[in-house]
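The structure under discussion appears below in the form of structure tokens.
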Amino acid sequence: MTQRKSTQQPAHSGTLSLALDFGPLLVFFLGYKFLGMIVGTAAFMIAIVIAVIVSKWKLGRVSPMLWLSAALVLFFGGLTIYFHDQSFIQLKPTIIYAFFALMLFAGLARGKPLLKYLLQAAYDGLSHPGWMKLSRNWALFFVAMAIANEAMRRSLSFDTWLAVKVWGVTIVSVIFAAANIPMLMRHGLKLGDEPASDDLGETTPPQG
């Protein structure tokens, strides 16, 4: 049974992971556009719970990133609905990015690439120095994302912020993940038989 799961899981796990991160955010975007803030937020909360269930069912696990994203969506989504204040849901990405940045920097200070455990060995064959550099790069990226989200939510309208969050942040994250591939290959990364794009789904920051 274990062997069967391990042989089936890699085929589309990267693409599915990206869909599980991006899907709930897309549901929120569409719900808000057509049904308003409260319904859109409620749909977002339901979608993130479904994403957790699907991840456990199809991948056999739920990543720490998805767990954290789901917990914060439910918490800040509940506050948004209760207070009818959209600023709560805008604050969530800042907290997620800041949390992961602090965690990765703490690991780097101890000589441990915590990203390796977060991604659950998504990069086959990557050496310890490679994991350290990747953890450093993503820690800096998370810091930049947290600062960018704060700047956007303070200076942009909610509609513009949401559009940038759904489309711009996702595109930038995938590009950043792809930009790290050459460095990782110099440190032992084995792409295997799958396209590199399939691997990127498990190596992008949480989108929810």
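List pairs: first in region 47-60 and free of Cβ contacts under 8 Å to residues at least 60 places away in the same chain, second open to solvent by 10 Å² or more (accessible area, probe 1.4 Å) and among the basic types (Lys, Arg), Cβ under 8 Å, 6+ apart or cross-chain?
SER55/ARG61; GLY60/LYS5
Could you tell me which numbered condition GLY77 fails, if it satisfies all but one of (1) over 19 Å from the mean Cα position of the chain (by Cα); (2) at pLDDT 85 or above; (3) of a type in the set (Gly, Ala, Ser)?
(1)
Would you say ASP124 is closer than 24 Å to PHE44 by Cβ and of a type outside the set (A, V, I, L, M, F, W, C)? I'd like the intermediate steps shown before the answer.
Numbers: closer than 24 Å to PHE44 by Cβ: no; of a type outside the set (A, V, I, L, M, F, W, C): yes.
Spelling it out, it is not the case that ASP124 is closer than 24 Å to PHE44 by Cβ and of a type outside the set (A, V, I, L, M, F, W, C).
Given the residues VAL52, VAL62, which is the only one that is aliphatic (A, V, I, L, M), at pLDDT 90 or above and farther than 18 Å from LEU162 by Cα? Can you show your working first?
Working: VAL62 fails: at pLDDT 90 or above.
Being aliphatic (A, V, I, L, M), at pLDDT 90 or above and farther than 18 Å from LEU162 by Cα holds for just one of VAL52, VAL62, which is VAL52.
Condition (residue is modelled with pLDDT of 90 or more, under 30 Å from ILE81 (Cβ atoms) and out of contact with any helix residue (DSSP H, G or I) (no Cβ under 7 Å at 6 or more places or on another chain)) applied to region 17-30: is it met by at least one residue?
yes
Of the residues that sit in region 61-84 and are without any contact (Cβ under 8 Å) to a residue 40 or more places away in the chain and in contact with a Ser or Thr (Cβ under 7 Å, 6 or more places away or on another chain), which one is farthest from ALA98 (Cα to Cα)?
VAL62
Go through (1) within 13 Å of the chain's Cα centre (by Cα); (2) more than 18 Å from SER135 (Cα to Cα) one by one and return the number of the condition VAL54 breaks.
Looking at each condition in turn, VAL54 falls short on (1).
Can you list the helices (runs of 4 or more DSSP H) lying wholly within region 95-185 that have 3 or more residues being in contact with a helix residue (DSSP H, G or I) (Cβ under 6 Å, 6 or more places away or on another chain) and open to solvent by less than 20 Å² (accessible area, probe 1.4 Å)?
Working: elements: 115-118, 128-155, 158-163, 169-179, 181-185.
It comes to 128-155.
The values are calculated or read from the model by the stated rules, or taken from the named source; none is laboratory data. Since the model is a prediction, treat every value here as computed from it, not as a measurement. Reconstructed Cβ throughout: ideal geometry from the backbone, glycine too, with neighbour counts over all protein chains shown. Note: areas computed on protein heavy atoms with side chains; ligands, DNA, RNA excluded. Shrake-Rupley method; radii C 1.70, N 1.55, O 1.52, S 1.80 Å.
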